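Report on the following structure.
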Amino acid sequence: MKQAAAAVELWFGRILTALVIALFGVLLLLVVWQVFTRLVLNAPSAWTEEAARFTFVWVSFIGIAVVVGQKADVVMDFLVERLPRQLQRGADIVAYLATLAFVLYALVYGGGKQAILAWGQSNPILPVTQGQLYLALPIAGILFSLYIVLHISRTLSPSYSVRSRGHEDPEAASI
């Protein structure tokens, strides 16, 4: 069961990573086309700026979900790593629960509400509604929540490992 869950998580992470890479490629093409039409053709394309803006939002939110899933997000653990194992575990749980509460309220609830409110609002440039574009918020919130719940379950498991102070760069730490 544990191996199946790990395989699903790995597969899901790879799909999200591929999605971020594809969206970043689209973003790059949109920006290059915008620059080309503006500087070479002297006739800027109106839709590419708007499409690039929303693609950037989607890339950012899905990319942050990937980073959260890999536990590669920014963490300030210089105090927590000095605590005993059980207190580290408790501090991690409190941090995860606080993050989960914020994500559920701000992104899932607030973002979902915003998407619903703007669902019928047409975009003057793109062939989608504003609500469809705002779906990045609740979708990213759900992804964050899934990964945070996974992190909480790992923190509660017997295989929880403590942080050590040996991962610092001595030269950077002395500054």
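The table below gives the values:
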| quantity | calculated |
| --- | --- |
| Filtered residue count, segment 34-88, keeping only those that are touching a helix residue (DSSP H, G or I) at 6+ places or on another chain (Cβ under 7 Å), closer than 30 Å to Ile15 by Cα and open to solvent by less than 70 Å² (accessible area, probe 1.4 Å) | 16 |
| Odd one out for Ser145, checked against (1) within 13 Å of the chain's Cα centre (by Cα); (2) free of Cβ contacts under 8 Å to residues at least 40 places away in the same chain | (2) |
| Residue list for segment 4-33, restricted to those being of a type in the set (D, E, K, R) and open to solvent by less than 70 Å² (accessible area, probe 1.4 Å) | Glu9 |
| Residue in segment 79-119 that is farthest from Ile64 (Cα to Cα), counting only those that are of a type in the set (Val, Ile, Thr) and in contact (Cβ under 8 Å) with a residue 60 or more places away in the chain | Val80 |
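One line per residue, one yes/no per condition, for (1) of a type outside the set (Asp, Glu); (2) open to solvent by 60 Å² or more (accessible area, probe 1.4 Å); (3) within 21 Å of Phe12 (Cβ to Cβ):
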residue: Gly110; (1), (2), (3): yes, no, no
residue: Ala115; (1), (2), (3): yes, no, no
residue: Gln121; (1), (2), (3): yes, yes, no
residue: Leu126; (1), (2), (3): yes, no, no
residue: Gln132; (1), (2), (3): yes, yes, no
residue: Ala136; (1), (2), (3): yes, no, yes
residue: Ile148; (1), (2), (3): yes, no, yes
residue: Ser157; (1), (2), (3): yes, no, yes
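The values are calculated or read from the model by the stated rules, or taken from the named source; none is laboratory data. Here the structure is a predicted model, which is why all the values come from computation and not from measurement. As a convention, Cβ positions derive from the backbone with ideal geometry for all residues, glycine included, and neighbour counts pool all protein chains shown. Just the protein is used for accessible areas: all its heavy atoms, side chains included, with ligands, DNA and RNA removed. Shrake-Rupley method; radii C 1.70, N 1.55, O 1.52, S 1.80 Å.
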